[in-house]
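Asks: This is the structure, below, for whatever I ask next.
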Amino acid sequence: MNIDKDAYEKIAAEIHDDKSPVGIDAKKTHILILHRLEEMQKQLDRLEQLAKNQ
């Protein structure tokens with residue numbers, strides 16, 4: 001997967017956690033992933049509805 005360096009750095013800064021043994025906030029990371037998946041599902045639903053209406 002190719003991720004723009006600026007986008008990568010922004011995401012890394014957003015999920016970073018010095019207190020975590022793995023260096024990221026796992027809860028925040030999962031929330032961000034689930035939120036994005038929900039947005040993608042809504043977009044897919046809209047596209048499917050448009051396709052049905054054509």
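All of the numbers you see were taken from the coordinates with simple rules; none came from a lab. Please read all numbers here as calculations on a predicted model, not as lab measurements.
Asks: Can you compute the helix-only [θ] at 222 nm over the chain? Use -39500 (n - 2.57) per DSSP H run of at least 4 residues, normalise by all residues, nearest 500 deg cm²/dmol.
Replies: Counting only the DSSP helices, I get -24000 deg cm²/dmol.
Asks: Dimensions of the stretch 5-52 along principal axes (Cα, Å, largest first)?
Replies: Each principal axis gives a Cα extent; for the stretch 5-52 these are 49, 23, 10 Å.
Asks: Over 29 Å between Cα atoms: which of LYS5/LYS52; LYS5/LYS28; LYS19/LYS42 fall into that group?
Replies: Violating the 29 Å Cα-Cα cut-off are LYS5/LYS52; LYS19/LYS42.
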